[in-house]
Amino acid sequence: MSGLLVVRAEPGPAIPEAEFNDWYDTEHVPDRIPLPCFHSSSRWTSETPGPPTHLALYDLATPESIDDPAHLALMKNPSEREVSIMSRIALMDGRAYELHEPVYPPRAGAGYDVTKPGPYATFIEFDVPPELADEFERWYVGEHIPMLAKIPQWVRTRWFVLKVARVWGNDETLMAQYGEGKVPKYLAIHEYAEAGAEETEEFKAAVDTPWSKEILAKVTGFQMRVWKLSRSWERT
C-alpha cells in the first residue's frame with residue numbers, strides 16, 4: 001500500500017459529539033472498508049488543544065484510490081444521515097498522500113499489526129526548500145529516524161508526500177486555514193506506545209544534533225499535533 005488518506009474533522013456546535021461519533025463508527029467508515037481501494041482505517045482524537053479535534057486514517061492502495069469509481073459512487077449517493085451531517089459540519093479536511101521510500105522498519109518488524117497502531121501518534125507537517133530536498137532526505141533517513149527509534153515508546157515512523165487536498169465545511173474561519181496552497185507538502189507520522197515521547201532524553205537528543213539544527217532551521221510551514229487512537233478497522 002502506497003497511499004494514505006488523512007481526514008481531519010471538526011463537528012462544530014451544530015453536531016452533538018455522540019451523533020458525530022455514531023455516524024462515523026457505524027456508517028461512514030464501515031461503508032468504505034469493504035471497497036477494494038481501502039485496506040484499513042483508524043480514528044483518533046486530538047491531544048493538542050484547538051480544532052480539528054477528530055482524525056481518520058485510511059490506508060489506500062495508492063493516493064489516486066480516493067477517486068476509485070467505487071468510492072466516487074459511494075460519495076455521490078450518500079445516505080440521508082450523511083447529507084444531514086455534511087450540511088452542518090464545521091470542517092472536513094481530506095488529504096491524500098503517497099508513502100515516501102525508503103520505509104524505516106517498525107520496532108516489531110514484520111510483526112507490526114496495522115489494526116493496532118501505536119496508540120499515540122505525533123503528526124509533523126512541513127515544507128522543504130527544493131534545494132534542500134536531497135540533504136533533508138539523507139538527514140531524515142540516515143540520522144533522524146534512527147535516533148527517534150531509540151525512544152522507548154517508539155513504534156513506527158512513516159513519511160508521506162501530499163498529492164491531493166480537499167476541504168469542505170461551514171465554519172468560514174476554519175475553512176480559511178485549509179485548502180489548496182495552505183497544506184504543507186510533507187507529513188511525518190511517528191507512532192508511540194505511550195504519551196510523552198517528546199519529553200524523553202532520546203527525543204531531545206534527536207533534535208539537538210548539529211545536523212538537525214541546520215536542517216530544522218531551514219524547514220518551513222512546520223506544524224505538530226498529537227493524536228490518541230480511538231478505534232481501528234481492517235477489511236475482512
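The values are calculated or read from the model by the stated rules, or taken from the named source; none is laboratory data. Since we're looking at a predicted model, the values are computed, not measured. A quick note on method: Cβ atoms are made from the backbone with ideal geometry, for glycine too, and the neighbour counts reach across all protein chains shown.
Values for this structure:
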{"quantity": "Every residue from segment 34-48 that is at pLDDT below 95 and not in a strand (DSSP E or B)", "calculated": "Pro34, Leu35, Pro36, Cys37"}
{"quantity": "Filtered residues of segment 134-146 (kept if buried (at least 17 other Cβ atoms within 10 Å of the Cβ) and more than 24 Å from Ala96 (Cβ to Cβ))", "calculated": "Trp139, His144"}
{"quantity": "All positions within segment 208-219 that are touching a residue at least 24 places away in the same chain (Cβ under 8 Å) and out of contact with any helix residue (DSSP H, G or I) (no Cβ under 7 Å at 6 or more places or on another chain)", "calculated": "Val219"}
{"quantity": "Output for segment 104-118, where each listed residue is surrounded by fewer than 19 Cβ atoms within 10 Å (Cβ to Cβ) and part of a loop (DSSP other than H, G, I, E, B)", "calculated": "Tyr104, Pro105, Arg107, Ala108, Tyr112, Asp113, Val114, Thr115, Lys116"}
{"quantity": "Looking only at segment 196-217, and only at residues there that are of a type outside the set (Gly, Ala, Ser) and exposed (fewer than 13 other Cβ atoms within 10 Å of the Cβ), the one that is nearest to Tyr120 (Cα to Cα)", "calculated": "Glu199"}
{"quantity": "Condition met for Val183 (loosely packed, with under 15 Cβ neighbours inside 10 Å, in contact with a Leu (Cβ under 9 Å, 6 or more places away or on another chain) and of a type in the set (Val, Ile, Thr))", "calculated": "no"}
{"quantity": "Yes/no for Ala121 being closer than 30 Å to Val155 by Cα and more than 21 Å from the chain's Cα centre (by Cα)", "calculated": "no"}
{"quantity": "Condition check for Trp227: in contact with a strand residue (DSSP E or B) (Cβ under 9 Å, 6 or more places away or on another chain), of a type in the set (Phe, Trp, Tyr) and at pLDDT below 95", "calculated": "no"}
{"quantity": "Candidates Glu125, Glu82, Glu131, Glu101, filtered to the one that is more than 23 Å from Pro34 (Cβ to Cβ), surrounded by 16 or more Cβ atoms within 10 Å (Cβ to Cβ) and among the charged types (D, E, K, R)", "calculated": "Glu125"}
{"quantity": "Selection status of Pro69, of a type outside the set (Phe, Trp, Tyr), under 19 Å from Lys163 (Cβ atoms) and surrounded by fewer than 18 Cβ atoms within 10 Å (Cβ to Cβ)", "calculated": "yes"}
{"quantity": "So Asp31, is it of a type outside the set (A, V, I, L, M, F, W, C), assigned to a helix (DSSP H, G or I) and either in contact with an Asp or Glu (Cβ under 8 Å, 6 or more places away or on another chain) or over 18 Å from Tyr192 (Cα atoms) (or both)", "calculated": "yes"}
{"quantity": "Flag for Pro184 being in contact (Cβ under 8 Å) with a residue 24 or more places away in the chain, in contact with a Gly (Cβ under 6 Å, 6 or more places away or on another chain) and outside any strand (DSSP E or B)", "calculated": "yes"}
{"quantity": "Of all residues making up segment 1-21, the number that are assigned to a helix (DSSP H, G or I) and under 14 Å from Ile89 (Cβ atoms)", "calculated": "4"}
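For every residue, the table says whether it meets (1) in contact (Cβ under 8 Å) with a residue 12 or more places away in the chain; (2) of a type in the set (Phe, Trp, Tyr); (3) crowded, with 17+ Cβ neighbours inside 10 Å; (4) in contact with a helix residue (DSSP H, G or I) (Cβ under 7 Å, 6 or more places away or on another chain).
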{"residue": "Pro16", "(1), (2), (3), (4)": "no, no, no, no"}
{"residue": "Thr26", "(1), (2), (3), (4)": "no, no, no, no"}
{"residue": "Val29", "(1), (2), (3), (4)": "yes, no, yes, no"}
{"residue": "Cys37", "(1), (2), (3), (4)": "yes, no, yes, yes"}
{"residue": "Thr45", "(1), (2), (3), (4)": "yes, no, no, no"}
{"residue": "Asp59", "(1), (2), (3), (4)": "yes, no, yes, no"}
{"residue": "Ala73", "(1), (2), (3), (4)": "no, no, no, no"}
{"residue": "Lys76", "(1), (2), (3), (4)": "no, no, no, no"}
